[in-house]
């Protein structure tokens, strides 16, 4: 079987740098990858996420390519991947100074405001709503033409009573998002938002636009239908 060469990309949400590593991080390719990762992390980074969810195989050289490039003074997090990959990381005992997460919710709680630090408003709605840079979990879904439910998870980095802007921590489904969520289709999405100290808020919305910055994808979504009490919860949250 042909080896899947490692693919390493860098993106940023707020002041959090995310390194996505895919393919196979083994042997000579791991040594080359170590140089690539070092270049991507050459600056002073305070908040770092290593996303290995799509890493297929890793050996000891691959683990060292990652672990030896981590900054001692930064907050380091890892989006966990395959069981065999995680077993290799555990076997080499390199997870002591890095927090491991299985999903977006834990990472959002860990980094919090760093996800919106230095963020500018990513899109302007037609109506002049007060808005807030924030970091809260979002799950949204719709039924495709075959009545199959398509589910995405993201992080809300900008919220108003009229809509939100969401960005992806995990880019596994970005190709699907790009193909299926064309703003011109005006496809209706069902939104599930988790505000602090509240149960989930539900709403329907449509994608106004997509914004791509390097490898990072964001969606501007306008609320189409939302219960009055849920809208009031958002208003109260924005005014705190």
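Quick note: the coordinates plus some simple rules give every number you see, no bench work behind them. On a predicted model such as this, the values are computed, not experimentally measured, just so you know. Neighbour counts are summed over all protein chains in view; Cβ atoms, including those assigned to glycine, are modelled from backbone coordinates with ideal geometry.
Subtract the Cα-Cα distance of residue 210 and residue 5 from 0.36 nm times their separation in residues, and report this length gain in nm to one decimal.
Stretched out fully, the residue 210 to residue 5 stretch lengthens by 70.9 nm.
Taking 8 Å as the Cα distance limit and 6 or more residues as the minimum spacing, I'd like the relative contact order of region 7-102 as a percentage.
For region 7-102, the relative contact order is 28 percent.
Sticking to Cα atoms, compute the Rg of region 7-102 to one decimal and its Dmax as the biggest Cα-Cα distance, whole number, in Å.
Expressed in Å, the Cα Rg and Dmax of region 7-102 come to 12.0, 34.
Relative to the present Cα-Cα distance, how much length would full extension add between residue 31 and residue 93 at 0.36 nm per residue of separation?
20.4 nm
How far, in nm, would the chain grow between residue 231 and residue 117 when pulled straight, counting 0.36 nm per residue and subtracting the alpha carbon separation?
Taking residue 231 through residue 117 to full extension adds about 38.5 nm, to one decimal.
Which whole-angstrom value gives the distance between the alpha carbon centres of region 67-89 and region 3-65?
So the separation of the two Cα centres works out to 10 Å.
How do 87, 222 rank when sorted from fewest to most other Cβ atoms within 10 Å of their own Cβ?
87, 222
For residue 60 and residue 151, FRET efficiency with R0 = 25 Å and r from the beta-carbon atoms, rounded to 0.05?
So the FRET efficiency works out to roughly 0.10.
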